[in-house]
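The values are calculated or read from the model by the stated rules, or taken from the named source; none is laboratory data. Everything numeric here is computed off the predicted structure, so don't read it as measured data. Every residue, glycine as well, gets a Cβ built from its backbone with ideal geometry; the counts of neighbours run over all protein chains shown. For the accessible areas, the whole protein counts, side chains as well, though only heavy atoms, and no ligand, DNA or RNA atoms are used. Shrake-Rupley method; radii C 1.70, N 1.55, O 1.52, S 1.80 Å.
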Amino acid sequence: MIQDTIAKAEKEARLTPDEIFELMSIKDKGELEELYAAARRVRDREFGKKIFTYGFVYFSTYCKNNCTFCYYRTSNTGIDRYRKSKEEIVQLSASLQDAGINLSDLTMGEDPQMYKDGYKNLLDIISAVHDEVGINIMASPGALPQEMFAKVRDAGADWYACYQETYNRGLFESLRLNQSYDDRRNQKIWAMEAGLLAEDGMMIGLGESVRDRAETIAEMSSLGCAQVRAMTFVPQVGTPMQDFTPYDSTEELKAIAIMRLLNQDKLIPCSLDVEGIAGLRTRINAGANLVTSIVPPSQHLAGVAQHELDIENGNRSVEHVFEMLEDMGHHHASSAEYRSFLNAHRPKRVA
Ligand code: SF4
């Protein structure tokens, strides 16, 4: 019975891949509601009504890679790309801090300019935001050599994010062309060994099966990351996957709810990058406890999955997100509340 599986997950925070598959296969509306309700109970028991908030600073959209699903893949020539200066990144992070956002997510493509001279530009940017602003930092710079993680931590990053997208090795290799599956999986482990909190993520709608989704959730939930996410693939113009039929958000909502049941005290994002502000309510109702991809308007900044959605109209701005959370009976977490989460979950440094 579906209800027994939900009850087991709520109580024990663990499921076999077959049981995750059973929940990922739910179609019945009533059963879906039971799944989401269980996820909300777990979230509210662990975190009360507070919701964490992250700002998104996508500071370089240059990338040497050619992932088939990505708008910023190197072969997508002729698109508008940018690289923000260190000063601009500091200023953007400061404005997020002033607005009460808990963290600045410093994201870039695998930009050779940032990687040259031993990753000097990347490390300088992280230290400048850490020293001059003091906001918590997530570094999302792509795959790094193992020895870099201690340096990223020493520069002042709290988190390292690197999404596997899928734990189906064959599918991974067909999406992330010329990139190593094992190296990308190891990124999260190396980050945690260096004392960084780590985030992993899956993408839904890239050609994977329901079984693949269940196995990906199982893998992500066992790796030890303090933040796990699911995002629905949005086909991108100018890429080999531009004509894929997009999914609605149902599979993502199921994944969020199941991840919540399995990762009860962890952070699970509701990303504004897929459906903009319209998608906030459903994802919070599925058990998410963190709003990511809040982007300040009028700064010529892009999102990842949807590079323009709701940014310049201000709908992804801080005030708008905070109002929506209040409206749903939640409140945004203070920086002290966020830091207490980090202190409780930060891995012990062994590298
Ligand atoms: S997904 Fe990341 S690594 Fe792949 S092409 Fe896009 S920016 Fe580059």
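So what's the gap between the Cα centers of segment 150-206 and segment 70-143, to the nearest angstrom?
Result: 17 Å between the Cα centres.
Could you tell me the convex hull volume per residue, in Å³, taken over the Cα atoms of segment 52-345?
Convex hull volume per residue, Cα atoms: 119 Å³.
Which residue fluctuates the most in the chain, going by a Gaussian network model with Cα springs under 10 Å, if the choices are His330, His320, His130?
Looking only at His330, His320, His130, the biggest GNM fluctuation is shown by His320.
In this model, which of Lys29/Lys188; Lys8/Lys29; Lys49/Lys116 are farther than 32 Å apart at the alpha-carbon?
Listed pairs above 32 Å: Lys29/Lys188; Lys49/Lys116.
Can you send over the solvent-accessible area of Cys67, 1.4 Å probe, protein chains only, in Å² to the nearest 10?
Approximately 10 Å² for this residue.
Provide the solvent-accessible area of Tyr71, counting protein heavy atoms only and rolling a 1.4 Å probe, rounded to the nearest 10 Å².
For Tyr71, the solvent-accessible surface is approximately 40 Å².
Sort Asp158, Asp4 from largest to smallest accessible area, using a 1.4 Å probe on the heavy atoms of the protein chains.
Asp4, Asp158
Using Cα pairs under 8 angstrom and six or more residues apart, how large is the relative contact order of the chain, in percent?
23 percent
Of all the accessible heavy-atom surface of the chain, with the other protein chains kept in place and a 1.4 Å probe, what percent is carbon and sulfur?
Carbon plus sulfur share of accessible area: 49 percent.
Taking GluC sites (Glu not before Pro) as exposed when DSSP calls them loop (any state but H, G, I, E, B) and at most 15 other Cβ atoms lie within 10 Å, what is the longest stretch of the chain free of them, the sites themselves excluded?
With GluC sites (Glu not before Pro) excluded where exposed in loops, the chain gives 148-307 as its longest stretch.
About the Cα centre of segment 148-229, what is the dipole size in debye to 20, counting +1 per Lys and Arg Cβ and -1 per Asp and Glu Cβ, all else neutral?
Dipole magnitude for segment 148-229 comes out near 60 debye.
Apply the Debye scattering formula to segment 39-139, with a single equal point scatterer on each alpha-carbon and no solvent, then give log10 I(q)/I(0) at q = 0.10, 0.12, 0.13, 0.14 Å⁻¹.
-0.37, -0.50, -0.57, -0.64
Quick one: divide the alpha-carbon radius of gyration of segment 1-54 by 2.2 N^0.38 Å and tell me what you get.
The value comes to 1.23.
Which one of Tyr72, Ala39, Thr5 is farthest out on the positive end of the charge dipole of segment 1-155, using unit charges on Cβ (Lys, Arg +1; Asp, Glu -1) and the Cα centre as origin?
Going by the Cα projections, it comes out as Tyr72.
Counting DSSP beta bridges with both partners in the chain, what percentage is antiparallel, nearest 5?
Taking every DSSP beta bridge with both residues in the chain, the antiparallel ones total about 5 percent.
On a 1.4 Å probe surface of the protein chains, which of Asp111, Asp28, Asp44, Asp131 comes out largest in accessible area, and what is the full order?
If we order Asp111, Asp28, Asp44, Asp131 from most to least accessible, we get Asp131, Asp28, Asp44, Asp111.
Just Gly142, Gly287, Gly118 to compare: in a GNM of the chain, with alpha carbon springs under 10 Å, which one fluctuates most?
Gly118
Using Cα positions and a limit of under 17 Å, work out the lysines in reach of Lys120, with same-chain residues fewer than 8 apart set aside.
The qualifying lysines are Lys84, Lys86, Lys151.
Cut-off under 19 Å on the C-alpha distance; same-chain residues fewer than 8 positions from Lys50 excluded. Which lysines are left, in chain and number order?
Lys266
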